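Values quoted throughout were computed directly from the atomic coordinates according to the rules given, and no laboratory measurement underlies them. The model shown is predicted, which means the values in this text are computed figures rather than measured ones. Every residue, glycine among them, receives a Cβ derived from its backbone with ideal geometry; neighbour counts consider all protein chains shown.
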Amino acid sequence: MKLKGAEILMHCLQREGVDVVFGYPGGTVLPIYDALYDSPIKHILVRHEQGAAHAADGYARASGKVGVCIATSGPGAANLVTGIATANMDSVPMVCLTGQVASTLIGKDAFQEADINGIVLPITKHSYQVQKTEDVERTIKEAFYVARTNRPGPVLVDLPKDIMAREIDFEPDESPVKLRGYRVMKGVNTGQIIAAAEAINKAQRPVIYAGGGVITSDAAEEIREMAEKCRIPVTTTLMGMGAFPGTSYLSLGMLGMHGTRYANYAIGECDVLIAVGVRFDDRVTGRLETFAPNARVIHIDIDAAEIGKNTAAHIPIVGQAKEALQALLPRLKTRMELTEWHDVIAHWKDEFPLRYGQPSPGRIMPQHIVETIYDLTRGDAIITTEVGQNQMWAAQYYLFKEPRSFVSSGGLGTMGYGLPAAIGAKLACPEKTVFDIAGDGSIQMNIQELGTAMQYKIPVIICILNNQYLGMVRQWQELFHEGRYSYTDMSHQPDFVKLAEAYGAVGMRVNRTEDVRGALKEAMQITDRPVIIDFWVEREAGVYPMVPPGESILNMLGGDLDE
Amino acid sequence: MNKHTIAITVENRPGVLTRVTTLIRRRGYNIDSLAVGATEDPTVSRMTVVVEGDDAIIEQVTKQLYKLIDVIKVVDLTKEHLVARELILIKVKADHTVRPDIVQIVDIFRARIVDIGRTSLIVEATGDQRKIDALEDAFRPFGILELVRTGKVAMIRGTGEDNRRR
């Protein structure tokens, strides 16, 4: 059959199971948009291309499928960059389709030409520029394959306008992808599994340190089985929230810079550390020499380059977390007894629980808001966050019980992520209640996406923890720069209630603790539009406990007494 | 810090060189020399990269390189039995008074004079890095006007079978 490049593209997207794409039209993607007009694929028109990238990312994280975004050449493609870098740092499968000037104009500094392949080179898993219409099918197939397999990541495909417009004879090619330089990882080394099992069976004070890789490889069930079979306490990274139920007696919550004291102390004392799908990030480890100093480290990861990158592993296992854990589980001894180790941890939990103080009049404690959201949803909601204090309080005080329920920019720490990601997550999981836990600074970075949520009647609940500060930076200035609040005071801000109403959304303001629950309940009743709740929170509330940057995770500030 | 010679087999596609060099730079490693060219298979190119670093750094570079989709194979040649060669062109100051001395050096190094100017000569030589360094040193007193080196290319001796027997 005769098909244009853009029509072949639509065919390929459907074959990959794409049901929704996020994008913004423009000159060089006109042929693509023309083909989209007749396609059953749903297109969500965002208000800024960064929103498209984050929405595709949020969709991917919530669903486990590949997220797709489209932008025109030049500024459109450049606007995707922060979103692509965000997905790359957190290993999110995404295919980004960018228009490009006609192939005859490439390199001539044509209108809206940018070398997007050059720009995204260090922040993608791979990228392509399609050179002829005949290559469209193979390229799209490869792009999805690379994006979703092994350690996932964003793949960009640059599509020159003339190549999309040209018509060719097209016969679908159903052959599988073959790439000489890329093989999908299968199986694990049995010798290493045996060594790991021996270490775990002998351990007196084991800890599981679970990260985003557990969620990616769908291994939360195996983590739970291992933890329960051997009674091993589990701490998760920010990316690993939901990899293990926060409600379990074996849960230590999050570790690291803003982890719980008991998680960090457990790391300090453990004799075997079972690290699964993690990368020993500096926000987790603090000063590396003092991270799990007495432990034999078992490191399971799909990416061989992660093993030994930041710290040496005694028992490295390269492979899918799920496969590795399934191989490991039958070799582990069932251990029903509670030991001294469990007593020690229980004691730490009693002595150093997460806690916070009382608010000033007309203000609310931000932690209380997150706790109330948890209370009303019982861990069944999807929580997206912006970045900063709001993100840390969400991670500390919401007890995630299943994977893909926490959607947050961990590695890159992208402010403005939460709202577009919430839109993507809600489209992926329409039956779930979706909250964006936001700060007043972050929300203003992509507030325009309220327009998108309105247009498609996407009911996400935006909870602004409004302290009129760039709170996390302010906290660092308070602690490490003698309280010199250099440009972190953001008291000049829009009236968020009126702003919501200007878009046609619902706006509420809450500044009394007793009104928090009612407002949230009311917001959860609204099903046809987004809601902004502007919570006036204690201005100088801090995120505690906290490990000062570069220090040992055992040296924590705060959280040991009532602030 | 040791010098490592790494052979990287890659897809012969536009942009692959940039991917490899960007990756090495981004991870903070310095490239001493780099030579790229076609191989017996026209769809495959081979890069020979000399990088400075301890074994842990080289292991990390190798693993990161393997993650590039266009990279087919990465081999650290440093510990292998190698034939390693580099080509150098040197334009050396040479009026008639010193030409005999230069010719003598050229003979000793089994190099070749490939151009004769009024006051200069261009000398071409191939060899391993030590020989090329020595040649450069030998000409320095005469005054080197211009110098270019290709960077090292290298190959493991024999076949897999030979190496097992050895």
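What is the distance in Å between the Cα centroid of the stretch A:532-559 and that of the stretch B:1-36?
42
Can you work out the FRET efficiency for the pair residue A:194 and residue A:287, with r the C-beta to C-beta distance and R0 = 45 Å, to the nearest 0.05? Mind showing how you got there, number by number?
On the way: r = 33 Å, r/R0 = 0.73.
Efficiency, rounded to the nearest 0.05: 0.85.
Considering the alpha-carbon set of the stretch B:2-76 alone, what are its Rg and its Dmax in angstrom?
My reading of the Cα-based Rg and Dmax gives 11.4, 34 Å.
Please list, or write none, the lysines whose alpha carbon is within less than 16 Å of the alpha carbon of residue A:457, excluding same-chain residues fewer than 8 places away.
Within the straight-line limit of under 16 Å, residue A:457 reaches these lysines: A:42, A:426, A:432.
By what distance, in whole Å, do the Cα atoms of the stretch A:1-133 stretch along each of the three principal axes, largest value first?
Here the spans come out as 40, 36, 26 Å, largest first.
Give the peptides A:218-224, A:146-152, A:169-175 in descending order of average Cβ contacts within 10 Å, highest first.
Result, highest mean Cβ count within 10 Å first: A:146-152, A:218-224, A:169-175.
Report, as an integer, the average count of C-beta atoms from other chains found within 10 Å of each Cβ along B:63-74.
The per-residue average across the peptide is 5.
If you split all Cα-Cα distances of chain A into 10 Å bins from zero, what percentages do you get per bin, shortest first?
Using 10 Å bins, I get a P(r) of 4, 18, 26, 25, 18, 8, 1, 0 for chain A.
Can you give the local net charge around residue A:150? Use residues other than it whose beta-carbon is closer than 11 angstrom to its beta-carbon, Lys and Arg +1, Asp and Glu -1.
That sum, taken over residues with Cβ under 11 Å, equals +4.
222 nm [θ] for the protein assembly as shown, helices only, -39500 (n - 2.57) per DSSP H run of 4+, per residue, to 500?
Details: 27 runs with 255 residues, N = 729.
Mean residue ellipticity at 222 nm (helix-derived): -10000 deg cm²/dmol.
Contact order normalised by length for the stretch B:83-154, with contacts defined as Cα pairs under 8 Å and 6 or more residues apart; what percent is it? List each step's numbers first, then the result.
Details: 126 pairs, mean separation 37.5, N = 72.
It rounds to 52 percent for the stretch B:83-154.
Provide the three semi-axes, in whole Å and in decreasing order, of the ellipsoid equivalent to the stretch A:8-85 as defined by the square roots of 5 times the Cα gyration tensor eigenvalues. Kindly include the intermediate steps, with their values, before the conclusion.
Details: eigenvalues 64, 59, 17 Å².
Working from the Cα gyration tensor, I get semi-axes of 18, 17, 9 Å.
What is chain B's relative contact order, in percent, from Cα pairs under 8 angstrom and six or more apart in sequence?
RCO, chain B: 26 percent.
In what sequence do A:94, A:1 fall when counting other Cβ within 10 Å, fewest first?
Least to most surrounded, the residues fall as A:1, A:94.
P(r) of the stretch A:168-315 in 5 Å steps, Cα pairs, percent per bin?
Each 5 Å bin holds this share of Cα pairs: 2, 9, 18, 22, 19, 11, 5, 4, 3, 3, 2, 1, 1, 0.
Work out the length of the dipole vector of the stretch A:294-396 about its Cα centre, built from +1 on the beta-carbon of each Lys and Arg and -1 on the beta-carbon of each Asp and Glu, and round it to the nearest 20 debye.
160
In degrees between 0 and 90, to the nearest 10, how far off the longest principal axis of chain B does helix B:55-67 point, with axes built from Cα atoms?
70
Over the alpha carbons of chain B, what is the largest minus smallest coordinate on each principal axis, giving the biggest first in Å?
Taking the Cα atoms of chain B, the three principal extents are 57, 40, 35 Å.
From the C-alpha coordinates alone, can you work out the Kirkwood hydrodynamic radius of the stretch A:274-410, in Å?
Final number for the Kirkwood radius of the stretch A:274-410 is 18.4 Å.
If each of residue A:487 and residue A:294 carries a label point 7 Å out from its Cα toward its Cβ, how far apart are those two points in nm?
About 4.7 nm separates the two model spin labels.
Once Rh for the stretch B:83-154 is found with the Kirkwood sum over Cα pairs, what is the Stokes-Einstein diffusion coefficient at 4 °C and 1.567 mPa s, in µm²/s?
The diffusion coefficient I find is 107 µm²/s.
So what are the radius of gyration and Dmax for the Cα set of the stretch A:366-536, in Å?
15.0, 47
As a footprinting exposure proxy, order A:347, A:126 by other Cβ within 10 Å, with the fewest listed first.
Final ranking by Cβ density, sparse to dense: A:347, A:126.
From the phi of every residue in the stretch A:444-458, what ³J(HN,Hα) in whole Hz does the Karplus formula 6.51 cos²θ - 1.76 cosθ + 1.60 yield, where θ is phi - 60° and glycine or proline is x?
6, 6, 9, 4, 4, 6, 4, x, 5, 4, 5, 4, 9, 6, 9
Roughly what would the spin-label model give for residue A:380 and residue A:249, points 7 Å off Cα along C-beta, in nm?
2.6
Find the relative contact order for chain A and round it to a whole percent, using C-alpha pairs within less than 8 Å whose residues are 6+ positions apart. Write out the running numbers ahead of the final one.
Numbers: 1304 pairs, mean separation 81.2, N = 563.
Result for chain A is 14 percent.
What's the FRET efficiency of residue B:82 with residue A:479 using the Cβ-Cβ distance as r and R₀ = 41 Å, to the nearest 0.05?
According to the calculation, E is roughly 0.15.
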